[in-house]
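Pasting a structure here, questions to come.
Quick note: the coordinates plus some simple rules give every number you see, no bench work behind them. On a predicted model such as this, the values are computed, not experimentally measured, just so you know. Counting neighbours? That spans all protein chains shown, and the Cβs are built from the backbone with ideal geometry, glycine included.
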Amino acid sequence: AVVPTSHAQPETEKQRSPKQLKRLQEQKEREMKKMAKRQEKALQKERKAAEKARKEEERERKLEELRLENEGKTPKEMEEEKRLAEEQELFEKEFLETEEKAPQTHVKKSAMDSNRLGGSHMA
């Protein structure tokens, strides 16, 4: 036969000391802090995953737009377009940007205006 003993749960039978109560309270606070930290980490992880997915979708969308834009053109057409753009650029560079400047007549500087370093013998 099994004899019931009273020392199975001594904590619940007697009052806890103030130190024990304080320790238990601190332990609960630490646990709450840990849970809050874990929850924050989980939320941050979800946000990062959502942002990553959004960026990936944006990149795929841009690639698809580019593919559709270039889809209708044959390689010959693309080459012709490139050649025309280069010709236009060269034309603009040669004829539109360069403006002839009138030659400036030279005016001889006097010895006083000159930048040369000379002594009194150079008068």
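Go ahead and run the numbers for FRET between Q15 and M35, Cβ-Cβ distance against an R0 of 41 Å, rounding to 0.05.
Result of the calculation: an efficiency of 0.90.
Moving to a separate point now. What's the extension gain from E57 to V107 if we count 0.36 nm per residue and subtract their Cα-Cα distance?
Difference between extended and current length: 11.2 nm.
Taking the Cβ of K34 as the centre, find all other residues whose Cβ is under 12 Å away and add up their charges (Lys, Arg: +1; Asp, Glu: -1).
So the environment of K34 carries a net charge of +3.
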